[in-house]
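The values are calculated or read from the model by the stated rules, or taken from the named source; none is laboratory data. Remember, predicted model here, so these are calculated numbers, not experimental data. Cβ atoms come from the backbone with ideal geometry, glycine included; neighbour counts cover every protein chain shown. Keep in mind that these areas ignore ligands, DNA and RNA; they rest on the heavy atoms of the full protein, side chains included. Shrake-Rupley method; radii C 1.70, N 1.55, O 1.52, S 1.80 Å.
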Amino acid sequence: MALPTPLRRLAGLLPALALGFGLAASVPALAQTATPSSGLTAEQRKAIVGLIRDTLLQNPEIIQEAMIELERRNAVAQADAQRSAVTAEKARLLDPATSAIVGNPQGDVTIVEFMDYNCGFCKRAVEDVRALVKEDPKLKVVIKDFPILGPDSVEASRVAVAAMAQLQGQKYFDFHNKLMASKGRINAAKALEVAKEAGADVERLKKDMESAQTKGVIEDTVALGDRLGLTGTPAFILGDEVVFGAVGAPALKQKIEAVRKCGKTSCSG
């Protein structure tokens with residue numbers, strides 16, 4: 001009986017993986033459950049199990065190859081699911097009632113950022129977003145508060161969401177950027193301080209940040225992030241793609257230009 005090629009071996013690795021993870025006893029069990037319609041006798045099934053075992057012992061790298069392929073397939077499936085979710089949630093992503101709109105509100109390309117004021121990578125990414133807005137007059141940026149790093153983040157986001165009623169456009173963007181640049185943990189006190197410097201009415205903010213509407217905006221955004229499968233910040237939505245992390249202005253610019261050209265973050269294929 002000839003050994004199968006590596007690709008064909010990967011296709012039948014369920015019992016092999018069981019063996020590789022120390023579940024050798026399950027391999028014969030899997031073989032014994034083969035139905036009569038398989039056309040294999042008990043001896044033939046035993047021979048196949050022996051062949052799989054010997055193949056793995058002689059070529060243990062097969063298990064690693066299989067796991068790499070499994071991870072690749074999982075990543076593809078996750079990306080497909082996120083693209084479908086982005087399409088389904090388009091209206092919620094762009095809802096001005098739950099977002100701050102900066103840059104060009106009528107821009108031809110929109111980038112949505114989910115951020116947390118205590119996220120170190122968000123602090124790096126804010127400079128990238130600022131540079132993109134300055135360089136690209138046709139870019140619309142939607143900022144969504146996604147406070148996932150503890151009570152301080154939730155407090156800061158309540159102030160920021162409440163500030164949307166008083167600060168719009170560039171004024172809000174300046175407030176946002178200055179708050180993001182603050183040192184140490186950012187909480188309600190720090191956010192109120194920066195908002196006051198930006199010209200907001202602090203007493204009104206203190207009242208609005210505790211309102212059911214403000215809390216509802218944050219809850220809505222957190223739930224939206226969960227539906228999109230967001231596991232960290234920053235997370236950018238461009239076209240139908242979710243881009244995780246502070247990937248840098250050049251990478252984001254490339255994707256923006258692709259969306260502008262063909263409606264997707266990659267025009268190849």
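A few remarks follow.
- Extension gain for A47-K134 works out to 24.5 nm (0.36 nm per residue, less the C-alpha to C-alpha distance).
- Packing-based ranking of 84-90, 158-164, 99-105, 227-233 yields 158-164, 99-105, 227-233, 84-90, ordered from highest to lowest mean Cβ neighbour count within 10 Å.
- Stretch gain in nm, segment A97-K261, where the contour uses 0.36 nm per residue and the Cα spacing is subtracted: 56.1 nm
- Candidates G120, G50, G239, ranked by Gaussian network fluctuation over the chain, Cα under 10 Å, top entry: G50
- Solvent-accessible area per residue in the chain equals 53 Å², computed with a 1.4 angstrom probe and all protein chains kept.
- Spin-label model, R72 to L40: label points 7 Å out along the Cα-to-beta-carbon direction sit 2.6 nm apart.
- To the nearest ten degrees, helix 249-262 and the longest principal axis of the Cα atoms of the chain are 80 degrees apart.
- Cα point-scatterer Debye curve for segment 34-159, base-10 log of I(q)/I(0) at q = 0.14, 0.18, 0.19, 0.20 Å⁻¹: -0.80, -1.14, -1.20, -1.23
- Surface composition of segment 62-103: carbon plus sulfur atoms hold 57% of the accessible area, using a 1.4 angstrom probe and ignoring ligands, DNA and RNA.
- Short to long, the 5 Å bins of the Cα pair-distance histogram for the chain hold 1, 5, 11, 13, 13, 10, 7, 6, 6, 6, 6, 5, 4, 3, 1, 1, 0 percent of all pairs.
- With R₀ set to 30 Å, the beta-carbon distance separating K178 from Q106 gives a calculated FRET efficiency near 0.70.
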